[in-house]
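Contents: one structure, followed by commentary.
The values are calculated or read from the model by the stated rules, or taken from the named source; none is laboratory data. All values reported here derive from a predicted model rather than from experimental measurement. In this analysis, Cβ positions are derived from the backbone assuming ideal geometry, glycine residues included, and neighbour counts consider all displayed protein chains. Surface accessibility is based on the protein's heavy atoms, side chains included, excluding ligands, DNA and RNA. Shrake-Rupley method; radii C 1.70, N 1.55, O 1.52, S 1.80 Å.
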Amino acid sequence: MADETAELLILPVRDVVLFPGVVLPVAVNRPRSTAAAQEAVRTRSRIGFLLQRNAAAEDPGPEDLYRVGTVASVIRFVTAADGVHHLICQGEQRFEVQEFIQTDPVLKARVTLLSDPEEVSHEVEARGLYLRDRALEALQLLPQTPVELVGTIQAVKAPGQLADLVISVTDTDSAEKQQILETLDLTARLDRVIGALSKRIEVLKLSHDIGEKTREALSERQKEAVLREQLRQIRRQLGEEPEGSAPEVKELGEAIDRAGMPEEAREQALRELHRLERMPEGSGEHSMVRTYLDWLVALPWSKLDPENLDIEGARRVLDADHFGLEKVKRRILEFLAVRKLNPQGRSPILCFVGPPGVGKTSLGQSIARALGLKFVRVSLGGVHDEAEIRGHRRTYLGSLPGNIIQALRRAGTRNPVLMLDEVDKLSASIQGDPYSALLEVLDPEQNSTFRDNYIGLPFDLSRVLFICTANVLDGIPAPVRDRMELIEITGYTEEEKLEIARRYLVPRQLVANGLAQSAVQLPDEVLKRIISDYTRESGVRSLERQIGAVLRSVAVGIASGQEGPVAIAIEDVSRILGAPRYHGEIAMRTSVPGVATGLAWTPVGGDILFIESSRVPGSGRLILTGQLGDVMKESAQAAVTLVKGQAERLGADPASFDKIDLHIHVPAGAIPKDGPSAGVAIFTSLASLLSGRTVRSDVAMTGEISLRGLVLPVGGIREKTVAAARAGIRTVILPARNRRDFDDIPESARQRLQFIWAERIEEVLAAALEGIGARRAAAA
């Protein structure tokens with residue numbers, strides 16, 4: 001067959017050589033290549049593939065391409081989501097470039113189409129048969145023999161086509177494949193392909209031999225392990241001692257002797273050590289037993305640190321670290337006194353309950369320092385698996401002891417101060433209830449024999465001083481609360497915050513910002529302004545952040561070359577911290593009838609809230625807004641009923657209630673509110689609305705009401721009164737039955753507030769409404 005001349009679109013390719021008779025996917029993303037592919041698809045013409053001499057060339061020209069390539073037809077053209085075009089092409093015939101007739105926007109060349117001779121010699125036919133056998137041999141050496149390829153090779157009869165097919169699937173570099181593509185003589189082409197295939201077969205045979213030897217070595221090692229185990233058993237039956245224990249077994253035996261374990265734990269450790277001695281090191285159980293023994297010898301079974309029983313010294317440490325908190329300090333000193341008189345007594349289990357930022361966690365560290373004991377902390381926030389407390393059973397891969405045993409190992413002693421932080425943040429799940437696991441830990445009658453699932457042995461926790469912390473007690477089950485001694489830590493007054501800032505926060509922030517004590521002058525007036533205008537919290541975390549912001553501003557000036565000392569004035573506070581965030585809006589809010597100031601308890605301390613009432617023409621409905629809970633809604637309904645009974649005294653027509661709708665709203669509608677303590681404030685708001693008299697702007701109140709007009713006691717008196725003093729309230733109306741809580745109110749709040757103890761709702765109105773006076777109110 002004579003060679004023909006044709007004009008072809010040229011597609012340069014990198015590291016890809018297409019052979020006649022082979023289907024090959026090609027990705028194109030270069031502009032000229034993409035244009036050539038699209039032109040070929042549009043005109044349904046064939047395209048010529050030429051290999052680049054330099055694969056790094058991004059825009060190859062004619063001089064960058066080989067002269068011999070393959071003509072192909074485009075079977076499919078696909079554009080992917082990433083913008084890359086994909087061609088599926090089938091090689092048809094070799095060609096040789098005579099000249100390039102176009103280079104832009106696409107490459108086009110005049111080529112000579114090259115064909116293999118139709119008649120082949122016996123020598124070529126013999127080489128073809130040999131190549132087929134070698135190709136089938138190579139396929140048998142592959143890990144997974146491709147059945148379709150075997151059938152294709154067996155079906156190809158022409159030696160030239162067979163050579164092209166075999167070299168296209170052989171793992172050789174593109175340069176060698178290009179040389180074979182350019183080899184037009186069938187004998188030479190077959191010899192080249194046979195040579196490349198023979199090299200690949202040798203590599204496959206070598207890889208196969210390496211794999212066989214590796215498998216044999218592994219089998220031999222397993223056989224050796226079995227024989228060694230049999231030998232150990234035979235020696236044991238004969239009463240012969242082993243030739244010698246492994247060094248790690250000896251070390252573990254010595255560590256067991258030094259650990260001071262109880263007899264039961266020692267026997268268990270020795271049993272596991274004997275098991276370990278007979279186990280092959282390569283077995284999976286060997287590492288599990290070794291880890292278990294490591295935990296046993298690392299636990300402080302008998303180690304007790306000496307306790308500092310100097311009561312006066314402990315008092316000095318507690319006073320130096322924390323301001324106020326007298327109830328907590330008194331309880332720690334009581335513990336020291338009891339321990340001094342009864343050294344073998346059990347440690348108490350304390351639970352500090354209070355809003356965030358009041359020093360619950362740091363107080364635990366101070367207690368450890370005062371007692372001279374180690375301090376370890378276990379954070380329970382978000383724990384929902386019982387195994388986090390009691391540990392996982394050893395049958396599970398990667399199992400570990402629970403957090404209690406892990407904390408004792410970190411402490412290295414049996415009598416540390418162990419803080420269970422955020423105990424109210426535990427939650428039950430399908431993995432179990434962590435609170436149930438805590439029942440044994442926090443019970444002084446049971447924790448002397450606490451049994452962790454991983455250790456599987458009783459461990460004495462009776463000498464551990466457990467300190468729990470929580471923000472609220474509502475989520476803690478009653479059996480767990482019953483096992484703890486609850487100590488409430490309420491919010492700080494402004495005077496206490498000032499003292500804390502002066503003693504602790506300012507020095508700490510000076511160190512944190514790299515400032516010397518003499519570099520900054522921060523007077524008390526500035527601290528008071530920050531406390532009153534920029535923080536409203538029970539703790540001092542936000543206060544410390546604001547102080548840090550002020551000191552960072554000073555640090556910028558000093559680092560820029562400003563000479564110290566830098567004095568911060570009150571006028572500088574708003575420049576540094578911005579506009580005040582909190583304002584005393586009570587007088588403005590209560591300047592119209594129908595608005596009363598109530599006192600509320602929240603998980604972060606006390607707060608004030610406003611009760612607003614309004615009446616509109618209607619049909620006697622009660623409208624409640626402000627995201628009120630069920631209990632608070634019932635308090636509002638009780639207040640409305642009580643107001644209707646007092647209508648004539650308040651100057652309202654009882655019959656008019658059927659013609660109006662009463663609307664009670666508690667602002668800050670995005671915040672859920674609930675509880676019975678707003679009953680008095682709701683009644684006062686309604687009485688103010690109906691009587692037309694405003695509620696005194698400096699009065700706040702709390703208490704539950706009954707339908708008989710009684711003022712019933714409520715909780716959170718300390719937090720509520722502190723919030724009232726902080727908000728600028730001068731008089732608080734409290735239930736008379738809450739007089740027992742008067743001693744819990746801070747002295748600074750007592751001095752700033754007047755207390756009115758009300759038995760009945762008439763006393764509340766006399767003290768709260770303008771124009772009535774407070775002559776009948778009982779003042780403390």
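For first residues located in region 507-535 and under 12 Å from D572 (Cβ atoms) and among the basic types (K, R), partners that are open to solvent by 20 Å² or more (accessible area, probe 1.4 Å) and in a loop (DSSP other than H, G, I, E, B) and lie 6+ apart or on another chain with Cβ distances below 9 Å form the pairs R529/P580.
Suppose the filter is touching a strand residue (DSSP E or B) at 6+ places or on another chain (Cβ under 8 Å), open to solvent by less than 40 Å² (accessible area, probe 1.4 Å) and either over 30 Å from L689 (Cα atoms) or in a helix (DSSP H, G or I) (or both); does G557 pass it? For G557, the condition - touching a strand residue (DSSP E or B) at 6+ places or on another chain (Cβ under 8 Å), open to solvent by less than 40 Å² (accessible area, probe 1.4 Å) and either over 30 Å from L689 (Cα atoms) or in a helix (DSSP H, G or I) (or both) - is met.
Per-residue answers, yes or no, for (1) open to solvent by 10 Å² or more (accessible area, probe 1.4 Å); (2) under 17 Å from D424 (Cβ atoms):
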residue: L333; (1), (2): yes, no
residue: G354; (1), (2): no, yes
residue: V358; (1), (2): no, yes
residue: L363; (1), (2): no, yes
residue: R369; (1), (2): yes, no
residue: L380; (1), (2): no, yes
residue: V383; (1), (2): yes, yes
residue: G391; (1), (2): no, no
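If we scan region 184-199, do we find a residue that is touching a strand residue (DSSP E or B) at 6+ places or on another chain (Cβ under 9 Å) and either open to solvent by 30 Å² or more (accessible area, probe 1.4 Å) or modelled with pLDDT of 70 or more (or both)? Yes, region 184-199 contains a residue that is touching a strand residue (DSSP E or B) at 6+ places or on another chain (Cβ under 9 Å) and either open to solvent by 30 Å² or more (accessible area, probe 1.4 Å) or modelled with pLDDT of 70 or more (or both). The test for being in a helix (DSSP H, G or I), hydrophobic (A, V, I, L, M, F, W, C), closer than 21 Å to I729 by Cβ and within 45 Å of the chain's Cα centre (by Cα) holds for I682. For region 93-136, residues that are under 60 Å from the mean Cα position of the chain (by Cα) and surrounded by 14 or more Cβ atoms within 10 Å (Cβ to Cβ) total 5. Restrict the check to region 446-454 and report whether at least one residue is closer than 26 Å to S362 by Cβ and either surrounded by 20 or more Cβ atoms within 10 Å (Cβ to Cβ) or of a type in the set (V, I, T) (or both). Yes, region 446-454 contains at least one residue that is closer than 26 Å to S362 by Cβ and either surrounded by 20 or more Cβ atoms within 10 Å (Cβ to Cβ) or of a type in the set (V, I, T) (or both).
For region 300-322, residues that are of a type in the set (D, E, K, R) and in a loop (DSSP other than H, G, I, E, B) total 4. Just so you know, in region 725-780 the residues that are open to solvent by less than 40 Å² (accessible area, probe 1.4 Å), aliphatic (A, V, I, L, M) and in a strand (DSSP E or B) include one that is modelled with the lowest pLDDT, and it is L769. Whether a residue is aliphatic (A, V, I, L, M) and open to solvent by 60 Å² or more (accessible area, probe 1.4 Å) was assessed, and L397 passes this test.
Listed by first and then second residue, the pairs with beta-carbon distance under 7 Å, at least 6 apart or on different chains, first residue in region 679-690 and more than 11 Å from V764 (Cα to Cα), second acidic (D, E), are G679/E704; S685/E612. Consider region 169-182 and keep the residues that are out of contact with any Asp or Glu (no Cβ under 9 Å at 6 or more places or on another chain) and at pLDDT 85 or above. The one that is surrounded by the fewest Cβ atoms within 10 Å (Cβ to Cβ) is A175. Evaluated against (1) free of Cβ contacts under 8 Å to residues at least 40 places away in the same chain; (2) open to solvent by 20 Å² or more (accessible area, probe 1.4 Å); (3) under 25 Å from I608 (Cβ atoms), R502 falls short on exactly one condition, (3). Confirm whether A636 is assigned to a loop (DSSP other than H, G, I, E, B), open to solvent by less than 20 Å² (accessible area, probe 1.4 Å) and under 19 Å from S691 (Cα atoms). In short, no. Among the residues of region 496-519, just one is within 20 Å of G578 (Cβ to Cβ) and outside any helix (DSSP H, G or I), namely N513.
I'd like to know if region 426-443 contains one or more residues that are in a strand (DSSP E or B) and either closer than 30 Å to S287 by Cα or without any contact (Cβ under 8 Å) to a residue 60 or more places away in the chain (or both). Within region 426-443, one or more residues are in a strand (DSSP E or B) and either closer than 30 Å to S287 by Cα or without any contact (Cβ under 8 Å) to a residue 60 or more places away in the chain (or both).
Of a type in the set (A, V, I, L, M, F, W, C), under 21 Å from D164 (Cα atoms) and over 50 Å from the mean Cα position of the chain (by Cα): does that describe A36? Answer is no for this residue. Which of the residues spanning region 524-539 are open to solvent by 60 Å² or more (accessible area, probe 1.4 Å) and assigned to a loop (DSSP other than H, G, I, E, B)? Correct list: R536 only. If the condition is being out of contact with any strand residue (DSSP E or B) (no Cβ under 6 Å at 6 or more places or on another chain) and of a type in the set (V, I, T), then region 12-30 contributes only V16. Tell me, which residue of region 639-672 that is assigned to a loop (DSSP other than H, G, I, E, B) and within 51 Å of the chain's Cα centre (by Cα) is surrounded by the most Cβ atoms within 10 Å (Cβ to Cβ)? Among those residues, the one meeting the criterion is V666.
Looking at region 123-221, the helices (runs of 4 or more DSSP H) lying wholly inside it that each contain 2 or more residues that are of a type in the set (D, E, K, R) sit at 174-182. For region 27-58, taking the residues that are surrounded by 20 or more Cβ atoms within 10 Å (Cβ to Cβ) and among the β-branched types (V, I, T), the one that is nearest to Q178 (Cα to Cα) is identified as I47.
In region 400-419, the qualifying residues are those that are under 17 Å from F450 (Cα atoms) and in a loop (DSSP other than H, G, I, E, B), and the one that is most open to solvent (accessible area, probe 1.4 Å) is L400. Checked against (1) open to solvent by 20 Å² or more (accessible area, probe 1.4 Å); (2) closer than 27 Å to L373 by Cα, L465 meets all criteria but (1). For the structure I just gave you, tell me whether L486 is surrounded by fewer than 20 Cβ atoms within 10 Å (Cβ to Cβ), outside any loop (DSSP other than H, G, I, E, B) and aliphatic (A, V, I, L, M). Answer is yes for this residue. Just one of (1) of a type in the set (S, T, N, Q); (2) surrounded by 20 or more Cβ atoms within 10 Å (Cβ to Cβ); (3) within 23 Å of T721 (Cβ to Cβ) fails for S542. It is (2). Scanning region 607-633 for residues that are acidic (D, E) and surrounded by 15 or more Cβ atoms within 10 Å (Cβ to Cβ) yields D607, E612. Reported count of residues in region 94-112, each being among the aromatic types (F, W, Y) and modelled with pLDDT of 90 or more, is 1. Taking the criterion of being farther than 21 Å from T702 by Cβ, touching a residue at least 24 places away in the same chain (Cβ under 8 Å) and charged (D, E, K, R), the residues of region 615-672 that qualify are R615, R621, D658, K659, D661.
Taking the criterion of being at pLDDT 80 or above and of a type in the set (D, E), the residues of region 258-299 that qualify are E263, E264, E267, E272, D294.
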